[in-house]
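Novice: Okay, here's the structure, questions in a sec.
The values are calculated or read from the model by the stated rules, or taken from the named source; none is laboratory data. In this text, all values refer to a predicted model and were calculated from it rather than measured experimentally. Using ideal geometry, Cβ is built from the backbone for each residue, glycine included, and neighbour counts are taken over all protein chains shown.
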Amino acid sequence: MADKKISDLGALTTADATDVVPLVDVSAGVTKKTTVAGLAAAVAANIPDGALPYAKGDGKIWWEELGRRTLSTSASSLSITGLASKKYLKVLFVAIPTTTIASMALQFNGDATSNYNYRLSTNGSADTNGAFAGIPVDPGSTPGTGSVVFGELTGIDFVGQEKAFIGHVLDTFATGANDPRRRELQGKWRNTARITSVQLALSAACAAGSELIVLGHD
């Protein structure tokens, strides 16, 4: 038994946490032992970022990042083009105002006309609804310098169907002891074309670091 190579030993199909595993301590130049539990913890702690072989459609991940636009200088719009077509979309944005922003709208495929309908509630108030040049994603206020506006909308982009989104927008309402402002919203784009670009159009500029992200899944 003592002269057997490890490769000659019988296979153990199910290991317990306390089972012993031989391990070469490279720094010390000697062979030592550890347990299955100890080896598992060491492996988990030393997995490099990006090393796990997650693949699209394997059930390990759901949302796939399709595009990201981060402002390096202030601007009054953020746009992501060339998006792959996906049945399900999630749009995330962070807007950092440099001055008062009167309106913010989410637009698709460069359509800045009133081909969008919405229904929304601000801070729990009664719904308002109508048509607009985009899905309105302002927080129901006019955020200004010191505010951070965060929005998340989830939608569908099925072939041959109008595009529908539901989501939330939050305004930190400047810094310090201020109650945040919120808006719940639903919107649709009256178009059956697949979405290939997303734009966040603002009435005034946002600071560098403002960001638009689009995730997708089939």
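Novice: Could you tell me whether any residue of the range 87-106 is more than 23 Å from S210 (Cβ to Cβ), in a loop (DSSP other than H, G, I, E, B) and touching a residue at least 40 places away in the same chain (Cβ under 8 Å)?
Specialist: Checked the range 87-106: at least one residue is more than 23 Å from S210 (Cβ to Cβ), in a loop (DSSP other than H, G, I, E, B) and touching a residue at least 40 places away in the same chain (Cβ under 8 Å).
Novice: While we're on this one: Among the residues of the range 183-198, are any of a type outside the set (V, I, T), assigned by TED's automatic domain parsing to the domain that holds N115 and more than 28 Å from D218 (Cβ to Cβ)?
Specialist: Yes, the range 183-198 contains a residue that is of a type outside the set (V, I, T), assigned by TED's automatic domain parsing to the domain that holds N115 and more than 28 Å from D218 (Cβ to Cβ).
Novice: Somewhere in the range 4-15, is a residue surrounded by 10 or more Cβ atoms within 10 Å (Cβ to Cβ) and either modelled with pLDDT of 75 or more or among the charged types (D, E, K, R) (or both)? Walk me through how you get there before you give the answer.
Specialist: Quick first cut of the range 4-15, residues surrounded by 10 or more Cβ atoms within 10 Å (Cβ to Cβ) only: 15.
Narrowing further to those that are either modelled with pLDDT of 75 or more or among the charged types (D, E, K, R) (or both): 15.
Yes, because at least one residue in the range 4-15 is surrounded by 10 or more Cβ atoms within 10 Å (Cβ to Cβ) and either modelled with pLDDT of 75 or more or among the charged types (D, E, K, R) (or both).
Novice: Now for a different question. Starting from the range 36-57, keep only residues that are assigned to a loop (DSSP other than H, G, I, E, B), then list their pairs with residues that are modelled with pLDDT of 75 or more and surrounded by 10 or more Cβ atoms within 10 Å (Cβ to Cβ) whose Cβ atoms are within a distance under 9 Å, requiring at least 6 positions of separation or different chains.
Specialist: Listed by first residue and then by second, the contacts come to K56/E64; K56/H217; K56/D218; G57/D218.
Novice: What residue, of K60, K90, K33, is touching a Phe, Trp or Tyr at 6+ places or on another chain (Cβ under 7 Å) and modelled with pLDDT of 85 or more?
Specialist: Going through K60, K90, K33 in turn, just one is touching a Phe, Trp or Tyr at 6+ places or on another chain (Cβ under 7 Å) and modelled with pLDDT of 85 or more: K90.
Novice: Select from the range 165-194 the residues that are surrounded by fewer than 17 Cβ atoms within 10 Å (Cβ to Cβ), small (G, A, S) and closer than 21 Å to A112 by Cα and list them in ascending order.
Specialist: A193
Novice: Restricting attention to the range 190-213, and to residues there that are outside any strand (DSSP E or B) and touching a Lys or Arg at 6+ places or on another chain (Cβ under 7 Å), which single residue is farthest from T73 (Cα to Cα)?
Specialist: N191
Novice: Looking at G130, G82, G160, G134, which is the one that is of a type in the set (G, A, S), within 21 Å of R194 (Cβ to Cβ) and free of Cβ contacts under 8 Å to residues at least 40 places away in the same chain?
Specialist: Selected residue: G160, the only one of G130, G82, G160, G134 that is of a type in the set (G, A, S), within 21 Å of R194 (Cβ to Cβ) and free of Cβ contacts under 8 Å to residues at least 40 places away in the same chain.
Novice: T98 - would you say it is modelled with pLDDT of 85 or more, under 30 Å from F165 (Cα atoms) and more than 20 Å from the chain's Cα centre (by Cα)?
Specialist: Working: modelled with pLDDT of 85 or more: yes; under 30 Å from F165 (Cα atoms): yes; more than 20 Å from the chain's Cα centre (by Cα): yes.
Yes: the conditions hold for T98.
Novice: Here's another thing I want to ask about it. For the range 111-132, what are the residues that are polar (S, T, N, Q) and either over 17 Å from R181 (Cβ atoms) or in contact with a Pro (Cβ under 8 Å, 6 or more places away or on another chain) (or both)?
Specialist: Listed by number, the residues that qualify are T113, S114, N115, N117, T122, N129.
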